[in-house]
Amino acid sequence: MWARPKSATAGAGSPAGSSAGAGSPAGSSAATGSSAGASVNGAAVPEYAGPPRTNPPPAAWRPPIVAEPPPPGTLPEQDHDRIDVEEQAARTLTTGIGLVAGAICLVLLLILCARAVF
């Protein structure tokens with residue numbers, strides 16, 4: 001568990017107490033934030049040495065090369081009149097199927113209601 005190191009001087013927060021370590025170039029361990037000599041619950045806290053060093057890549061290593069795909073081909077021309085006719089036919093078929101399904105549901109609803117009433 002981390003704990004703030006205890007200050008060497010009693011008046012570290014006051015201007016008179018903080019001027020004692022301010023004259024030296026290195027400062028005190030409490031002033032520089034160094035944890036050398038600091039202890040937590042009587043155990044010495046090691047100083048952080050930084051992240052571990054990484055191994056360099058092999059000398060012949062290069063990033064992978066992505067093959068350049070060929071340019072896309074041209075699309076065939078669209079027959080807009082034929083597309084409009086097919087869309088109208090699809091709309092008519094969809095409407096017809098919806099009307100038939102709705103009629104079947106209405107007939108079934110009437111049959112169920114007639115059985116419940118009579």
Requested in this report: With label points built 7 Å along Cα→Cβ from the Cα atoms of Val40 and Ala103, find their separation and express it in nm.
Outcome: 8.2
Query raised in the report: With each pseudo-label sitting 7 Å past Cα toward Cβ, what's the Thr95-Ala60 distance in nm, one decimal?
Result: 7.2
Report summary line: Residue separation between Leu112 and Arg4 times 0.36 nm, minus their alpha-carbon distance, gives in nm 30.9 nm
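Just so you know, all these numbers are worked out from the coordinates, no wet-lab data involved. Given the structure is predicted, the values throughout are model-derived calculations rather than measurements. Cβ: placed from backbone, ideal geometry, glycine included. Neighbour counts: every protein chain shown.
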